[in-house]
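Notes follow the structure.
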């Protein structure tokens with residue numbers, strides 16, 4: 001059966017009406033004229049049903065996912081074949097389930113186009129989209145199943161910067177960012193309690209105004225981020241400023257999506273860690289403030305109960321590094337437990 005484009009349909013009229021008209025014209029005039037009203041309705045309904053069935057048969061033949069899948073051949077990569085097969089099956093099922101219209105399809109394409117245009121070396125809008133849809137959290141959960149006792153993983157986020165500055169132990173890497181002074185220490189161990197020496201610890205966070213360096217206008221260079229090494233006993237210590245809760249970027253397509261869904265864009269205050277050590281699985285995680293108001297409404301579904309900690313407040317006085325802090329400050333003590341590579 002020939003497929004007719006939307007333009008051709010407009011020119012020729014509704015296919016069903018054409019079938020009905022042709023069928024009526026092909027009948028003997030005396031029989032057609034002699035039909036009672038009820039008989040005419042039944043006859044017309046039968047023609048309609050046959051036309052509908054022909055249209056459906058044509059639709060199935062040209063759009064069912066099996067037809068598409070039969071064209072895919074990746075004999076050397078079973079995993080890639082499985083991914084594409086699943087993607088096509090679920091995309092087709094989705095379009096059928098919601099009866100996706102052409103206008104909605106076009107809007108979806110335009111939305112994804114805008115997501116791509118908002119990506120840059122400093123901002124990954126596609127990661128943000130994955131985050132707010134809960135996909136990032138799902139992928140992380142199913143790929144980071146760990147024994148009880150290991151530190152949980154959570155979302156990576158869109159604001160990591162590769163090759164951040166190398167830090168000396170105890171160094172302040174806030175670089176003048178606004179916020180309350182914050183002294184953070186901890187230890188990196190294995191699941192059995194063994195010390196992990198010289199682990200590489202990548203740290204980044206927003207400032208006291210809830211902004212990352214790559215977002216703040218007029219900021220040149222990196223701040224509130226850096227990479228340090230745990231010492232021979234697995235200990236680490238650094239100074240920075242306390243990050244505040246913030247809204248994820250709403251100036252792009254992901255922000256528009258949240259608004260359309262009637263959702264908030266807030267993320268609770270948190271500190272990012274990425275820890276690498278030989279012989280252990282890489283850990284990507286956050287540490288959250290137990291007093292934050294947004295723990296139960298994280299827009300990217302990243303909060304884990306085990307990652308909520310006490311960011312202890314202190315009056316002015318002697319800081320953990322032995323210096324005098326003339327203003328109130330906070331401290332955090334958190335130990336990380338890595339899972340050995342099996």
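Of note:
- From the options 288, 301, residue that is under 28 Å from residue 181 (Cβ atoms) and in contact (Cβ under 8 Å) with a residue 12 or more places away in the chain: 288
- Wholly enclosed strands (runs of 3 or more DSSP E) of the range 250-328 bearing at least 2 residues in contact with a helix residue (DSSP H, G or I) (Cβ under 8 Å, 6 or more places away or on another chain) and farther than 17 Å from residue 239 by Cα: 283-289
- Taken over the range 116-141, the criterion of being at pLDDT 95 or above and surrounded by fewer than 12 Cβ atoms within 10 Å (Cβ to Cβ) is satisfied by 116, 117.
- Of all residues in the range 270-280, those satisfying the criterion of being over 14 Å from residue 154 (Cα atoms) and surrounded by 17 or more Cβ atoms within 10 Å (Cβ to Cβ) are 277, 280.
The values are calculated or read from the model by the stated rules, or taken from the named source; none is laboratory data. Worth saying up front: this structure is predicted, and the values here are computed from it rather than measured. Don't worry about glycine lacking a Cβ; one is built from the backbone with ideal geometry, like all the others, and counts go over all protein chains shown.
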